[in-house]
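Shown next, in structure tokens, is the structure this report addresses.
The values are calculated or read from the model by the stated rules, or taken from the named source; none is laboratory data. Source: prediction; values computed, not measured. Here the Cβ positions follow ideal geometry from the backbone for every residue, glycine too, while neighbour counts run over all protein chains shown.
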Amino acid sequence: MDNIPLVHASLGKQELAAVAEVFASGWPSGQGPQGKALEAQLKQRYGAGDAVAVSNCGAALHLAMLAFRVKPGDEVIVADYTFPAPAHAVRYVGATPVFADVRTDTGTVDPQAVADLVGPRTVGIIAVDTVGLPADYTELQAIADRHGLFLVEDAACAVGATYQGREAGALAEVACLSFHGRKGATSGEGGALIVTDPAIGADARQRSSFGIGSIYDQAQVIGLPIPRFTEIGYNFKLSDIAAAILRVQIDRIGELLERRRAVAAQYAELFADEELLAVPHVPLDRTHAWQSYLVTLDPTVDRAGVATDLRAQGIGCLHGTWASHLQPAFEARQKCPVSADLFQRNLGIPMHAELTENQVERVVAAVRTALRANSAHTRVLGGAA
Ligand SMILES: *Cc1c(COP(=O)(O)O)cnc(C)c1O
């Protein structure tokens, strides 16, 4: 039988045609006409003050920390259960990430945990839309306002999700998007900052191109104004090749998300009576972008055993995401027990827009069998499958 991969990027003829246009234009590098058009498209989609296209979401988070002038000695509270890019970003500028535990039911950062961690050195909060599910921004914004902190939304996985009727990617003063191949819209690698304050956007755009403006623009002006390097910048530009692909992908987001939603609904229905796992919980005031589909296994289940059984049948799976505070790089002395538990028990199963109903049925049947073969409970009871 065919393999069923965990992820599969939906890139096709339209994207190829867009790339061909860039080749013909002679400007494949960053901050050219495609990049500008993408930024305009994102700015409009999010009703934002500015949108800055960059090389990836890690760079977007780094630029956000620089724009907020985060410095050594500062603390930034970060959601713990996530790909640990937020904590990396805090460390890039020499500051200290403080890890906030997450809600048991959603895996998103727990606003009470955040409130409890605010101290004299705290300058901001980075919340994460966990594998595509928005965090509690009403509560988080209130905490930020009460203490004069910045709030960043890591919406890397959440393009297309909503919270209380608003688009993920526009739920905080700065949002960072990812267009990595595992996300809902992709150019292979890519990212963006979506900001309310145009000054933050201008700061990020400038630093993303070695601290000077667009080289493409400079070639268009009359005369010979020579830009000066007044601060150390970075090369975090998104190529115009990637920007052209993303212009198509952003337009297709509704169609691609529709398919992911159908897969999620089918999983939820087929697993409804399964006692050895819990399917994701989506609170009524928000919608999920389904970047990943994480099931939480019963404590009696040997997750590695389940994964081995699934992979032996060509079914992709993964541990889910990370408990950041447990990663050695951060030398954290804190405890986030909920995040640590989800890190132990979650399992990511295939989720992408190309999955067929038949493949979803096969995944569910294989997971059910693997759960019984790898649960201490059913093994003790005789392992009835
Ligand atoms: C994927 C991801 C990132 C990193 O995105 P890149 O574009 O690969 O840098 C950051 N944050 C979260 C929550 C992610 O899932």
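Which of (1) among the charged types (D, E, K, R); (2) assigned by TED's automatic domain parsing to the domain that holds G107; (3) surrounded by fewer than 17 Cβ atoms within 10 Å (Cβ to Cβ) does R247 not meet, given it meets every other one?
(3)
Within the stretch 32-48, identify whether any single residue is surrounded by fewer than 17 Cβ atoms within 10 Å (Cβ to Cβ), in contact with a Phe, Trp or Tyr (Cβ under 8 Å, 6 or more places away or on another chain) and in the same structural domain as L171 (by TED's automatic domain parsing), and answer yes or no.
Checking the stretch 32-48: at least one residue is surrounded by fewer than 17 Cβ atoms within 10 Å (Cβ to Cβ), in contact with a Phe, Trp or Tyr (Cβ under 8 Å, 6 or more places away or on another chain) and in the same structural domain as L171 (by TED's automatic domain parsing).
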